[in-house]
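> What follows is a structure written as structure tokens; I'll ask about it next.
The values are calculated or read from the model by the stated rules, or taken from the named source; none is laboratory data. Predicted model, so just to flag it, every value in this text is computed and none were measured. Glycine also receives a Cβ, built like all others from the backbone with ideal geometry; neighbour counts cover every protein chain displayed. For the accessible areas, the whole protein counts, side chains as well, though only heavy atoms, and no ligand, DNA or RNA atoms are used. Shrake-Rupley method; radii C 1.70, N 1.55, O 1.52, S 1.80 Å.
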Amino acid sequence: MQDVKEKGAAQGGLRERKKRATRAALAEAAVRLAAEHGAEKVTVEAISAAAGVSVRTFFNYFDTRDDAFVVIDADAGARIRRSVREAPAALSPLEALRDAMAAELAEAEQQHELWRLHAQVLHAAPHLLVRTLGAHLADETGLAEAVAARIRAGGPATAEPASASASDEERRGALDLYPRLLAGVASTAVRTSVEHWCARPEEAAFLDVFQEVFALLAAGLPAPPA
């Protein structure tokens with residue numbers, strides 16, 4: 001029975017990897033075609049052909065053509081939220097976020113060209129840029145909810161605990177505010193890391209820049225020496 005369960009889990013994992021690879025191939029094909037021809041001239045048929053799948057398969061992953069341009073990896077947010085909720089209890093929320101995001105960005109250096117093309121496509125098509133910003137804000141809201149769930153479940157917070165005399169309203173206010181602030185700060189930290197590394201990739205590996213940014217956050221953003 002154990003062998004059957006393990007085989008089923010392995011097959012499930014393989015299916016998920018194949019689905020993730022197909023979605024990534026479609027998104028990459030869409031971005032590359034849009035960078036070359038302009039997003040408005042790219043069809044679902046062209047994207048599907050470039051990715052080596054059928055149009056029917058395309059619509060298994062995206063509701064509309066524009067969805068393929070909006071977020072390169074639409075499942076990344078869900079994986080990060082799950083990692084935050086499941087991280088070891090000894091980690092602070094900031095550490096749990098850092099580790100979850102680092103795992104997603106482990107292959108960032110191989111994605112450099114695609115990120116550059118994606119930014120180019122978005123800036124050439126304002127309606128896609130607006131949709132992408134909306135998707136990022138939705139991800140940020142979901143991330144804040146994951147942080148809040150982690151704290152409610154007993155995970156430690158980076159902030160000082162509320163005093164025994166603090167009112168219930170104050171504690172509820174802190175629990176509402178802290179996750180939103182942490183999610184926003186972490187998202188900004190990722191964007192800052194990407195932009196800094198993309199501007200000077202020869203100076204350091206991306207994950208080294210990423211870890212430095214989060215170390216500065218953990219230290220309370222001390223001013224650098226003059």
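> At what distance in nm do the modelled label points of Glu104 and Glu36 sit from each other, each positioned 7 Å from its Cα along Cα→Cβ?
Each label point is offset 7 Å from its Cα along the Cβ direction, giving 2.9 nm.
> Go through Ser92, Ser83 and list them by solvent-accessible area, largest first, probe radius 1.4 Å.
Ser83, Ser92
> Right, something else. For the stretch 187-193, what does the Karplus curve 6.51 cos²θ - 1.76 cosθ + 1.60, with θ = phi - 60°, yield as ³J(HN,Hα) per residue in whole Hz, taken in order and with x for Gly and Pro?
Running phi through 6.51 cos²θ - 1.76 cosθ + 1.60 with θ = phi - 60° gives 5, 5, 4, 5, 4, 4, 4 Hz.
> Let me ask you something else. Roughly speaking, what is the stretch gain from Ala153 to Ala89, that is 0.36 nm per residue apart minus the C-alpha to C-alpha distance, in nm to one decimal?
Gain in length upon complete extension: 22.1 nm.
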